[in-house]
Amino acid sequence: MTRTKKIITGLLIGLPLFIMAEGIRENRQLDVESIFITSNRVNDNPVKIAHLSDLQFPRLRVSQTQLLNELEKEQPDVVFLTGDTIDRTESVETTEFFDFLTTLTSRYQTYVINGNHEETNPDYALWRQKIKASDAVYLENDVTNLVINNNAFNLVGLSNRHTSLSSKDMAKMNTNQETLVLAHHPELFDEYINSFNSPLAIFSGHAHGGQWRLPKTDGLLSPDQGVLPKLTNGLYIKNDSNLIVSRGLANSKFPIRLNNYPHLIFTTIKQA
């Protein structure tokens, strides 16, 4: 075998092994990001939101202890879980997710929406039952009034792929308050803007950061956005609305992330 062939053979064997090893390593590291947005409808007491998405138990590889320690360090006012709390293959009877949720709700005001993985899990009805029986607030195409530090918000929670509320629920919204939307699918950004008259912030996940994040891309491949997706990571602003996209905390069926660490976001809303 010539030297060139040996080099090529080494690359063909070594590169996949390197990618696999790096993917395994990255799945166990945590990237914590702080995002700041402003509003002239809030007072001078900031509101800090912890945003967790795509936990996808049992595929979570980041230590639960590390997650809870980061939350303890940051002391958010509220926690948002924006869907895919479990994998579609997970047993709702035995999943560790509900133990984790119990710990969260014992410490923080916690709101939950569903995503595509809950809806396609064979035990979806049981998942809904257990969520509703927990101390979390489950929002299923609903709106509630969220008050933090004397700041009041319309908090909308949308079920998987939904983009609007019924006219009855829309009538519950206070037009003098900012609106926050929990919605699993970031690719529907424009529809959320239109439905809720440019809400202050939309919190999403689902995109998994585009899986492999190479330079000058927002990732290579994302569910429902396809090749070279555009809305996969962090803050995007359009028509005075802030879309905040978590890269997620776990993988789904595709097991390898590159340059794409599991993502925990803390968003602070400050007075403009």
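The values are calculated or read from the model by the stated rules, or taken from the named source; none is laboratory data. Note that this is a predicted model, so its numbers are computed, not measured. Glycine gets a Cβ as well: all are built from the backbone with ideal geometry, and neighbour counts include every protein chain shown. Heads up: the accessible areas ignore ligands, DNA and RNA and are worked out on the full protein's heavy atoms, side chains in. Shrake-Rupley method; radii C 1.70, N 1.55, O 1.52, S 1.80 Å.
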Can you give the relative contact order of the chain as a percent, counting alpha carbon pairs under 8 Å and 6+ residues apart? 27 percent
Dimensionless Rg ratio for region 150-195, taking C-alpha atoms and the 2.2 N^0.38 Å reference: 1.15
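Kindly sort Ser204, Ser91 by accessible area of their heavy atoms, largest first, with the probe set to 1.4 Å.
Numbers: Ser204 0, Ser91 40 Å².
I get Ser91, Ser204, largest accessible area first.
Please count, across the chain, the pairs of lysine residues with Cα atoms under 19 Å apart that sit 8 or more places apart or on different chains. Could you put the intermediate results ahead of the total?
Working: Lys48/Lys73; Lys48/Lys270; Lys216/Lys230; Lys230/Lys238; Lys238/Lys270.
Total qualifying Lys-Lys pairs in the chain comes to 5.
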So, over other residues within a Cβ distance under 9 Å of Ile148, counting Lys, Arg +1 and Asp, Glu -1, the net charge is 0
Using a 1.4 Å probe over the heavy atoms of the protein chains, calculate the carbon and sulfur portion of the accessible area of the chain as a whole percent. 51 percent
Relative contact order for region 199-272 using alpha-carbon pairs under 8 Å, separation at least 6, rounded to a whole percent? 32 percent
May I ask you to order 118-125, 205-212 by the average number of other C-beta atoms within 10 Å around their residues, highest value first? 205-212, 118-125
Take the chain, drop everything but the C-alpha atoms, weight them equally and run the Debye formula without solvent; then report log10 I(q)/I(0) at 0.14 Å⁻¹ to two decimals. -0.95
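Output the relative contact order of region 98-207, whole-number percent, from Cα pairs under 8 angstrom with separation of 6+ residues.
Details: 166 pairs, mean separation 24.2, N = 110.
Once divided by the residue count of region 98-207, the mean separation gives 22 percent.
What's the local net charge at Leu188, with K and R +1, D and E -1, over the other residues with C-beta under 11 Å away? If you can, show how the numbers build up before the last one.
Details: positive: Arg161; negative: Glu187, Asp190, Glu191, Asp224.
For residues surrounding Leu188, the net value is -3.
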